[in-house]
Amino acid sequence: MKLFALAKVTAAAVCAVSLTAPAAAQTIKIGFITVSSGLNASLGEYMEKGVRLYMKLHEKNLPPGVQIELIPRDTGGPNPDRAKQLAQELIVRDKVQLLTGVVFTPNALAIAPLVTEAKVPFVIMNAGTAVISTRSPYIARVSFTLWQSSLPMGTWAAKKFKTAYVAVSDFGPGHDAQEAFTKGYTDAGGKIVGSVRMPLQNPDFAPYMQRIKDAKPEALFVFIPAGKQATAIMKAFGELGLDKAGIKLIGPGDITTDDELPNMGDVPLGVLTVFHYSAAADRPANKAFVAAWKKEYGQKSNPNFLAVGGWDGMDAIYYAIREQRGKIDPDKTMELLRRYTNPNSPRGPIAIDPETRDIVQNEYLREVRKVGGQLANIEVETVATALKDPWKEIQKKK
Ligand code: PHB
């Protein structure tokens, strides 16, 4: 009886307060699944820096009284069991309203059934295997697919090089890169003279490079996860003298990721890649982004594609929160994400394809050149404009 009376008094007091005070502060919890330890830690670090920079500079763009609590979780690398466990905890225990992040494809695939069951919108900021977004209607992807970069790379390369060798990491994005490049290249008349899938964990690239050198292709197409593996394969390519043997290194932008260029010596000079983001791009939106990045993280630091994935992913999430005035409904959120567009991303105009929930973006051919003493991915040509994931376009026609 006493308790009941107390509850009544408290309720009345709350009512009185709510008549005069501004809307009660509301916190939206976002689970951020990343990699912040192990060989691939730098990938997650850049993604998180992009996310946090966006949040710092756009706090005022949230509806009044709404704040975001970002809950980061580390999978320690590609580890689907761990990713699944962390997502489960975030959904059930922390009651997050959104999930985001995810560097690696196997982790994204492991999380997909959970977000379907729990109806939690899941904004993917990196993982790039084409099939991922078909695995749950609650996925929207703001990053890229390997098909978007590697298919146009193949088409372009066939005009310059008669023969190519393909070397990829043996997991989802590597298989996609191989298939997409091979299709673009052979459809346009190029000849593949060899291909190899290299282990994802701690590979020794030297024996592969020796075999490729002996096969004497005009071009070598490579996909490995960006970050330290990119530098390792670049070193092996240089040390075994493939560049001196006249073999042209080409690939998606993962192999010349902006953050690692300063660690690669001069081997990357002249390397050609197709990709959606370069820190050196001279679009005004990118110049502003790079300036904000350097102000926050130091003049020597350059953002990379993971940073832009984090930045653009948060822009899409803020848009969905704003449009719902902070009251997140999962299905409305997905409807809004489907319609998300940004004409002014640092990478150029972007949109989410309402049908596939995948990013639509430009792809640029870039060459590594030295600018002011520093290596940079210089965009030389836009090879595809407003490109949807080509793999899904091909599936539709089947
Ligand atoms: C992926 O797992 O999908 C992935 C990882 C690293 C990359 C690109 C894609 O650089």
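A few notes on this one:
- Computed lengthening from Gln67 to Asp214, 0.36 nm per intervening residue step minus Cα-Cα distance: 47.1 nm
- Rolling a 1.4 Å probe over the protein heavy atoms of the chain, with every protein chain left in place, gives an accessible area that is 55 percent carbon and sulfur.
- Normalised by 2.2 N^0.38 Å, where N is the number of residues, the C-alpha radius of gyration of the stretch 44-112 stands at 1.22.
- In the full protein context, the chain carries 42 Å² of accessible surface per residue, based on a 1.4 Å probe and ignoring ligands, DNA and RNA.
- Between Asp266 and Asp204, the modelled label-to-label distance comes to 3.0 nm, taking each label 7 Å out from Cα in the direction of the beta carbon.
- Share of pairwise Cα-Cα distances greater than 22 Å in the stretch 20-136 is 34 percent (whole percent).
- Other-chain or far-sequence residues with amide H under 5 Å of Val66's (modelled H): Gln26
- Backbone amide hydrogens, once placed in the peptide plane, bring Asn342 within less than 5 Å of Ile350, Ala351, excluding anything fewer than 5 places away on its chain.
- Neighbours of Trp391 by Cβ distance under 15 Å: Lys/Arg scored +1, Asp/Glu scored -1, total 0.
- A full extension of the chain between Ala285 and Leu57 corresponds to an added length of 80.6 nm, given 0.36 nm per residue minus the alpha carbon distance.
- In sequence order, the stretch 31-37 has phi-based couplings of x, 10, 8, 9, 10, 10, 9 Hz under the Karplus curve 6.51 cos²θ - 1.76 cosθ + 1.60, θ = phi - 60°, and Gly or Pro positions carry x.
- Using distinct alpha-carbon pairs, which all enter the 1/r mean, Kirkwood radius of the stretch 149-227 in Å: 12.5
- The length gained by stretching the chain between Ser195 and Glu296 to full extension, at 0.36 nm per residue less their Cα-Cα distance, is 32.1 nm.
- GNM top mover of Ala376, Ala188, Ala281 - the chain, alpha-carbon springs below 10 Å: Ala188
- Computed over the stretch 206-352, the percent of Cα pairs more than 28 Å apart is 36.
- Normalised by the number of residues in the stretch 24-132, the mean separation of alpha-carbon contacts (under 8 Å, six or more apart) gives a relative contact order of 33 percent.
- Computed from backbone phi with θ = phi - 60° and the Karplus coefficients 6.51, -1.76 and 1.60, the 3J(HN,Hα) list for the stretch 345-353 is 5, x, 8, x, x, 9, 7, 9, 6 Hz; x is used for glycine and proline.
- Kirkwood hydrodynamic radius of the chain, from the reciprocal of the average inverse Cα-Cα distance over all distinct pairs: 21.9 Å.
- With the highest mean first, a sort of the peptides 269-280, 309-320, 100-111 on other beta-carbon atoms found within 10 angstrom per residue produces 100-111, 309-320, 269-280.
- Taking a sphere under 10 Å around the Cβ of Ala41 and counting the other residues whose Cβ falls inside, with K and R at +1 and D and E at -1, yields a net charge of -1.
- Pairwise centroid distance, computed over Cα atoms, of the stretch 31-54 with the stretch 122-196, Å: 24
- Protection proxy ranking for 209-215, 78-84, using the average of other Cβ atoms within 10 Å per residue and placing the highest first: 78-84, 209-215.
- Other-chain or far-sequence residues with amide H under 5 Å of Arg141's (modelled H): Ile124, Asp358, Ile359
- Rel. contact order, % - alpha carbon contacts under 8 angstrom, at least six apart, the chain: 16
- Net +/- balance of residues flanking Asp94 in space, Cβ distance below 13 Å, scoring K and R +1, D and E -1: +2
- Sites Ala245 and Thr186 - FRET efficiency at Förster radius 25 Å, r taken between beta-carbons, to 0.05: 0.60
- Along the stretch 217-226 the Karplus relation, 6.51 cos²θ - 1.76 cosθ + 1.60 evaluated at θ = phi - 60°, assigns HN-Hα couplings of x, 6, 9, 10, 9, 10, 10, 9, x, 4 Hz to successive residues, with x for each Gly and Pro.
The values are calculated or read from the model by the stated rules, or taken from the named source; none is laboratory data. Predicted model only: the values in this text are computed from it and were never measured. With ideal geometry, Cβ positions are generated from the backbone for all residues, glycine too; neighbour counts draw on all protein chains shown. Side chains included, ligands, DNA and RNA excluded: accessible areas come from the protein's heavy atoms. Shrake-Rupley method; radii C 1.70, N 1.55, O 1.52, S 1.80 Å.
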